[in-house]
1. May I ask you to say which residue of A70, A95, A20, A60 is more than 19 Å from the chain's Cα centre (by Cα) and either of a type in the set (V, I, T) or open to solvent by less than 80 Å² (accessible area, probe 1.4 Å) (or both)?
2. State whether one or more residues within region 16-23 are more than 24 Å from K186 (Cα to Cα), in contact with an Asp or Glu (Cβ under 6 Å, 6 or more places away or on another chain) and at pLDDT 85 or above.
3. Just to be sure, is I48 touching an Asp or Glu at 6+ places or on another chain (Cβ under 9 Å), crowded, with 16+ Cβ neighbours inside 10 Å and over 23 Å from D9 (Cβ atoms)?
4. Run down Y177, Y184 and say which single residue is in contact (Cβ under 8 Å) with a residue 24 or more places away in the chain, of a type in the set (S, T, Y), open to solvent by 40 Å² or more (accessible area, probe 1.4 Å) and assigned to a helix (DSSP H, G or I).
5. I'd like the residue in region 132-174 that is modelled with pLDDT of 85 or more and assigned to a loop (DSSP other than H, G, I, E, B) and, out of all such residues, is most open to solvent (accessible area, probe 1.4 Å).
6. Cβ-Cβ distance below 6 Å, separation of 6 or more or different chains: which pairs start in region 130-156 with a residue that is in contact (Cβ under 8 Å) with a residue 40 or more places away in the chain and end on one that is assigned to a loop (DSSP other than H, G, I, E, B) and open to solvent by 60 Å² or more (accessible area, probe 1.4 Å)?
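The values are calculated or read from the model by the stated rules, or taken from the named source; none is laboratory data. Since the structure is predicted, the reported quantities are computational estimates derived from the model, not experimental observations. Note that each Cβ is placed from the backbone with ideal geometry, even for glycine, and that neighbours are counted across all protein chains shown. Accessible surface areas use protein heavy atoms only, side chains included; no ligands, DNA or RNA. Shrake-Rupley method; radii C 1.70, N 1.55, O 1.52, S 1.80 Å.
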Amino acid sequence: MGQQAVEVDKLFKRAELLGATKTGTWCVNCESYQAVANFSSASKLIHILHSTEYPYTSFAVLESGTCLVADSGFDSLLTKLKTFYTPRKAAKIEAKGQRYEYGDFVLKFGQVSAGPSFKGLVVELEYQPCNDVAQCWALMSEFLVSFMDESFTIPSLPKCSNKNTELFCPSDTILQYIEVFNTYRKSMA
């Protein structure tokens, strides 16, 4: 894990040299549940996620991409549904790291791990004054290009789940983490 720690430290140092202030740690974790074989369900998988940014909230993401938002007590419901859904083996995955603020930007750098195994790095950027990603994507992209190293490629404009307003919301962030986690899970297979 030596090289990964070096890469994360580089990101921390870049943020600090830029003038960003360390504001704590963050974590997003995910546990996946699979439908029991004799239960024909519309969704065979349910991913339950928690984020330190939303401590009183649980997110349930179905295979269809639907994200359900509930209070943190939602997890206890899954124990009552154990005849329908069971935890997948080795299905716990998490991203955690340091959180920085730089003006209106929030930067999160973290390591993705499944159990004790390191899987990769993740960088999250939030521009707090604007929830309309289409309006601020150029600014966010420019900031990332100036901050990351030359091998970094700009990701595509994220989609918003709310088609009525096109405003980015917490469930959109969670859906992005599902994509990240699924990418790393595929690399484990």
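1. On the way: A70 fails: more than 19 Å from the chain's Cα centre (by Cα); A95 fails: more than 19 Å from the chain's Cα centre (by Cα); A60 fails: more than 19 Å from the chain's Cα centre (by Cα).
Answer to the selection: A20.
2. So the first thing to find is which residues in region 16-23 are more than 24 Å from K186 (Cα to Cα), and the list is 16-23.
Filter once more, so that each one left must be in contact with an Asp or Glu (Cβ under 6 Å, 6 or more places away or on another chain): 21, 23.
Imposing the further condition that a residue be at pLDDT 85 or above reduces the set to 21, 23.
The answer is yes, given that some residue of region 16-23 is more than 24 Å from K186 (Cα to Cα), in contact with an Asp or Glu (Cβ under 6 Å, 6 or more places away or on another chain) and at pLDDT 85 or above.
3. Numbers: touching an Asp or Glu at 6+ places or on another chain (Cβ under 9 Å): yes; crowded, with 16+ Cβ neighbours inside 10 Å: yes; over 23 Å from D9 (Cβ atoms): yes.
Criteria met by I48.
4. Working: Y177 fails: open to solvent by 40 Å² or more (accessible area, probe 1.4 Å).
Y184 is the lone residue from the list that is in contact (Cβ under 8 Å) with a residue 24 or more places away in the chain, of a type in the set (S, T, Y), open to solvent by 40 Å² or more (accessible area, probe 1.4 Å) and assigned to a helix (DSSP H, G or I).
5. Filtering region 132-174 for residues that are modelled with pLDDT of 85 or more and assigned to a loop (DSSP other than H, G, I, E, B), the one most open to solvent (accessible area, probe 1.4 Å) comes out as L167.
6. Hits for this filter: zero, empty list.
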